[in-house]
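One structure below.
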Amino acid sequence: MAAVTGRRSTLLSFAPPLIGEEEIAEVVDTLRSDWITTGPKVARFEAEFATAVSAQAALALNSCTAGLHTALVASGVGPGDEVITTPLTFAATVNVIEHVGARPVLVDVEPDTLTIDPAQIAAAITPRTRAIIPVHYAGHPAEMDPIQEMARAYRLLVLEDAAHALPASYRGRRIGSGPNPVAFSFYATKNLTTGEGGMLTADPEFLARARILSLHGLSRDAATRYAAGGHWAYEVLVPGFKYNMTDMQGALGLWQLRKLDRFQARRREVVAAYQAAFTGDEALELPVARPWVEHAWHLYVLRLRPAVLRIGRDRFIEELAQRNIGTSVHFIPIHIHPYYRDKYRYLPDSFPVAYDGFQRMISLPLSPRLSDQDVADVIEAVLDIVRRHRQ
């Protein structure tokens with residue numbers, strides 16, 4: 001094989017965070033204050049986030065996983081129930097179903113967007129079905145109108161996994177703006193980061209129950225007990241969890257949220273450059289955005305066409321790594337992980353669209369931190385590998 005050309009001198013990380021001096025100063029201000037755990041900055045972050053996504057209310061938590069789990073518990077989903085979701089997601093989406101004692105029922109995804117297929121949801125509904133968890137994969141909203149219609153017909157909970165979907169819209173409606181629970185992630189690679197963290201949006205009555213669950217089931221949180229005029233007494237109303245967000249994270253989130261529009265503009269520029277460079281190459285299947293959605297572009301997931309190339313996905317990733325281009329794969333499908341494979345006796349082809357997509361996919365670097373030269377390096381590397389290994 002010919003020597004690798006165009007190798008970067010430094011590693012281009014797959015999704016580096018973009019943290020500015022404003023975030024740093026806000027965190028330092030928190031550290032110098034009297035309050036570093038859940039307090040006034042978390043409350044401000046909740047209010048500003050709710051406004052940003054047109055939500056009725058918002059609850060800041062320590063992860064998207066916490067939001068999903070709390071929402072299931074607050075909805076009374078438990079043993080004997082079934083929850084329909086997708087195999088093409090991170091483990092947390094399905095783990096929380098197991099945590100509440102329910103049975104995850106997986107259905108395949110649509111070939112273009114890789115979001116959950118509404119037709120297959122309809123075929124999977126049984127008298128035991130209590131909830132549907134659509135995943136807005138890579139930032140592209142799932143087809144929510146038919147999902148909501150089925151939920152109304154069968155009286156099912158719709159709990160949206162929006163870990164990738166800030167800010168995204170479906171038919172003019174912001175993801176998170178409805179009354180049903182929607183869980184967002186602020187993990188380090190996300191479009192808005194608090195290091196670790198998440199947010200749950202829903203109607204205020206639902207979130208009032210979720211808020212109690214999120215902090216040990218206490219009737220009063222620490223801010224209420226220890227602030228001026230507070231009272232030390234509290235009651236445990238339900239055996240809850242330790243899922244609260246700290247003011248240090250909230251401080252980060254406040255500034256990240258204010259910069260989100262700018263971050264998204266840069267993400268769209270990077271995606272536009274990728275799309276322009278890769279369109280028309282028969283070796284590459286590009287991600288799509290349906291006309292009626294606003295894609296959050298959390299991920300740029302390229303799929304290889306093996307009939308056109310002499311190498312597979314894993315070798316392609318290795319060659320990108322040789323050129324100092326960081327990548328990832330989203331995701332290893334749930335049904336081929338040992339726990340779920342063995343418990344539910346899945347085969348790789350049990351969900352053929354998800355499995356085929358997994359075998360061919362590469363997530364390319366995507367972050368507002370990427371420079372024009374970074375983007376050019378990625379494009380050059382991808383096209384060079386395709387050229388070298390075309391059938």
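The values are calculated or read from the model by the stated rules, or taken from the named source; none is laboratory data. Please read all numbers here as calculations on a predicted model, not as lab measurements. All Cβ positions, glycine included, derive from the backbone under ideal geometry; neighbour counts span all protein chains shown. Calculation scope for accessible area: heavy atoms of the full protein, side chains included, ligands and nucleic acids excluded. Shrake-Rupley method; radii C 1.70, N 1.55, O 1.52, S 1.80 Å.
GLN148 satisfies every condition listed in (1) within 22 Å of the chain's Cα centre (by Cα); (2) surrounded by fewer than 22 Cβ atoms within 10 Å (Cβ to Cβ); (3) within 18 Å of ALA57 (Cβ to Cβ); (4) not small (Gly, Ala, Ser) except (3). Can we say ILE362 is within 29 Å of VAL107 (Cα to Cα) and hydrophobic (A, V, I, L, M, F, W, C)? When the stated conditions are applied, ILE362 passes them.
Across the range 78-96, the qualifying residues are those that are open to solvent by 10 Å² or more (accessible area, probe 1.4 Å) and in contact with a strand residue (DSSP E or B) (Cβ under 6 Å, 6 or more places away or on another chain), and the one among them that is farthest from ASP356 (Cα to Cα) is ASP81. The set of residues in the range 164-187 being over 18 Å from ILE121 (Cβ atoms), outside any loop (DSSP other than H, G, I, E, B) and of a type outside the set (A, V, I, L, M) consists of SER169, ARG173, ARG174, PHE184, SER185. For the range 114-124, the count of residues that are more than 28 Å from PHE45 (Cβ to Cβ), in contact (Cβ under 8 Å) with a residue 60 or more places away in the chain and open to solvent by less than 10 Å² (accessible area, probe 1.4 Å) is nonzero.
Among the residues that make up the range 313-324, is at least one of them open to solvent by 10 Å² or more (accessible area, probe 1.4 Å), more than 16 Å from PHE14 (Cα to Cα) and among the β-branched types (Val, Ile, Thr)? No, because not a single residue in the range 313-324 is open to solvent by 10 Å² or more (accessible area, probe 1.4 Å), more than 16 Å from PHE14 (Cα to Cα) and among the β-branched types (Val, Ile, Thr).
When the residues of the range 8-56 are filtered to those that are among the small types (Gly, Ala, Ser) and within 20 Å of ILE212 (Cα to Cα), the one that is surrounded by the fewest Cβ atoms within 10 Å (Cβ to Cβ) is ALA47. Consider GLU319 carefully, then state whether it is under 20 Å from ALA276 (Cα atoms) and either of a type in the set (Val, Ile, Thr) or part of a helix (DSSP H, G or I) (or both). It is false that GLU319 is under 20 Å from ALA276 (Cα atoms) and either of a type in the set (Val, Ile, Thr) or part of a helix (DSSP H, G or I) (or both).
Residues that are assigned to a loop (DSSP other than H, G, I, E, B) and in contact (Cβ under 8 Å) with a residue 24 or more places away in the chain were ranked within the range 347-387; the one that is surrounded by the fewest Cβ atoms within 10 Å (Cβ to Cβ) is ARG369. Need the failing condition index for LEU284 against (1) open to solvent by 30 Å² or more (accessible area, probe 1.4 Å); (2) touching a Phe, Trp or Tyr at 6+ places or on another chain (Cβ under 7 Å); (3) among the aliphatic types (A, V, I, L, M), just the number. Failing condition for LEU284: (1). When TYR137, TYR154 are checked against the criterion of being of a type outside the set (Asp, Glu), modelled with pLDDT of 95 or more and over 22 Å from the mean Cα position of the chain (by Cα), a single residue qualifies: TYR154.
Each residue in the range 166-212 was checked for being touching a Phe, Trp or Tyr at 6+ places or on another chain (Cβ under 7 Å), open to solvent by 10 Å² or more (accessible area, probe 1.4 Å) and of a type in the set (A, V, I, L, M, F, W, C), and 1 of them qualify. For PRO104, the criteria (1) open to solvent by 60 Å² or more (accessible area, probe 1.4 Å); (2) part of a strand (DSSP E or B) hold in every case but one, which is (1).
Considering the range 147-163, the residues that are assigned to a helix (DSSP H, G or I) and not acidic (Asp, Glu) include one that is nearest to THR126 (Cα to Cα), namely TYR154. Before we move on, is ARG268 open to solvent by 40 Å² or more (accessible area, probe 1.4 Å) and within 19 Å of the chain's Cα centre (by Cα)? Spelling it out, ARG268 is indeed open to solvent by 40 Å² or more (accessible area, probe 1.4 Å) and within 19 Å of the chain's Cα centre (by Cα).
Among the residues making up the range 242-260, those that are open to solvent by 10 Å² or more (accessible area, probe 1.4 Å) and either of a type in the set (S, T, N, Q) or closer than 16 Å to ALA66 by Cα (or both) are LYS242, TYR243, ASN244, THR246, GLN249.
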